[in-house]
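Each reported figure results from applying straightforward, stated rules to the coordinates on display, with no laboratory input. Remember, predicted model here, so these are calculated numbers, not experimental data. Positions of Cβ are generated from backbone atoms using ideal geometry, with glycine treated the same way; all protein chains shown enter the neighbour counts.
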């Protein structure tokens, strides 16, 4: 789109999975890109920052208000992917740190963006905003955007996203020249994901376990009957840019659900990864508390308002991702690889 040519864009968390791939896409669109990232998770995590040398990169900690001001100075558009994220287990072990750090980062960056006169603020929310009581069956009805309130998210990450959404919406109400887009993303995956087994999501964790089997067990935490949606990274990027572009005719876009289809049982996901490995793998189920049995999103609004639909099927996306994980692990020195037995998916 020509609207991105020479646009002065800031991507926070640009060394992370989604942020880094968004930077690639924006460079293809000839945007003037600045990246702000603390690089906390980059070492050993599989993040390769392919755009290094092509952007204005700033190693900044967004928990510091002055860092946020320096990041936003002179920018027209902000894509805010800087966040403290991790696996379900990570959220369980660090509830306060996850909540407090994300609340502070969102508040500092939004305030800095307003002070710098940023015209467009993109906020990636999450399926974790939805009330836990609406997700207590593997066959729970797909969640619609209006189901988020009254709020009762399952963890502190979800609570922080609820607050972040409200902050962005109120900023648009108060500041006349601000446009914003909010997408509730669910389970974005693909090449370039973090492979750290404490904080990575289920797909790269299971793929790593399959590749390293039988040296390590192929463990699946929970019953395997839990259901989710998964969205391939290129489809997610399409939706993110469409949402941002839609703000040129509508000041506040969203919140809008965005993920792939269909509903997938975790056991079936694991079996497909086993098939891709070509190995005879026995799935070892590990007893664990299941807080969310069925987290599936209704993406009708994305289709109607953004003219968006996923293009990459799950089987195709998993095949592409597995090939990348296998190549990445083959190239990594074994000394830098975390112990595959230390954390659950």
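Helix 156-174 and the long axis of the chain differ in direction by around 20°, with both axes built from C-alpha atoms. Of all the options 236, 115, 200, the one that moves most in a Gaussian network model of the chain with Cα springs shorter than 10 angstrom is 115.
Beta bridges assigned by DSSP with both partners in the chain are antiparallel in approximately 5 percent of cases. Shape class of the stretch 254-310 from the Cα gyration tensor (axes a ≥ b ≥ c, square roots of the eigenvalues): oblate, since a/c reaches 1.5 or more and a/b does not exceed b/c. Comparing Cα centroids, the stretch 6-40 and the stretch 82-128 end up 17 angstrom apart.
Comparing 74, 158, 13 in a Gaussian network model of the chain, where Cα atoms under 10 Å apart are tied by springs, the biggest mean-square fluctuation is seen for 74.
Using the 10 angstrom Cβ neighbour count as an exposure proxy, how do 80, 94, 170 rank, fewest first?
Details: 80 24, 94 17, 170 11.
Placing the least packed residue first, the sequence is 170, 94, 80.
Neighbour counts of other Cβ atoms within 10 Å put 93, 70 in the fewest-to-most order 93, 70.
If a/c stays under 1.5 just call it rounded; otherwise compare a/b with b/c (prolate if a/b is bigger, oblate if not). Do that for the stretch 47-103, with a ≥ b ≥ c from the square roots of the Cα gyration tensor eigenvalues. Oblate is the answer for the stretch 47-103, as a/c is 1.5 or above yet b/c matches or exceeds a/b. A Gaussian network model of the chain, with springs between Cα atoms under 10 Å, assigns the largest mean-square fluctuation among 145, 186, 289 to 289. Simple spin-label estimate for residue 216 and residue 280 gives 2.4 nm between the two label positions (7 Å along the Cα-to-Cβ direction from each Cα).
One chain, two ends: residue 70 and residue 92. Fully extended at 0.36 nm per residue, the span grows by 4.6 nm beyond their Cα-Cα distance. Between residue 298 and residue 175, the simple label model (points 7 Å from Cα in the Cβ direction) yields a spacing of 3.3 nm.
Relative contact order, whole percent, for the chain stands at 19, derived from Cα pairs under 8 Å and 6 or more residues apart. Take the Cα of residue 288, go 7 Å toward its beta carbon, and the backbone nitrogen atoms of the stretch 77-116 under 14 Å from that spot belong to 86-94. Against the chain, whose longest principal axis comes from its Cα atoms, helix 202-212 is set at around 40 degrees. A crude spin-label estimate for the pair residue 320 and residue 166, with each label 7 Å from Cα along the Cβ direction, gives 3.8 nm. For the chain, the longest principal axis of the C-alpha atoms and the axis of helix 266-277 are separated by about 70°.
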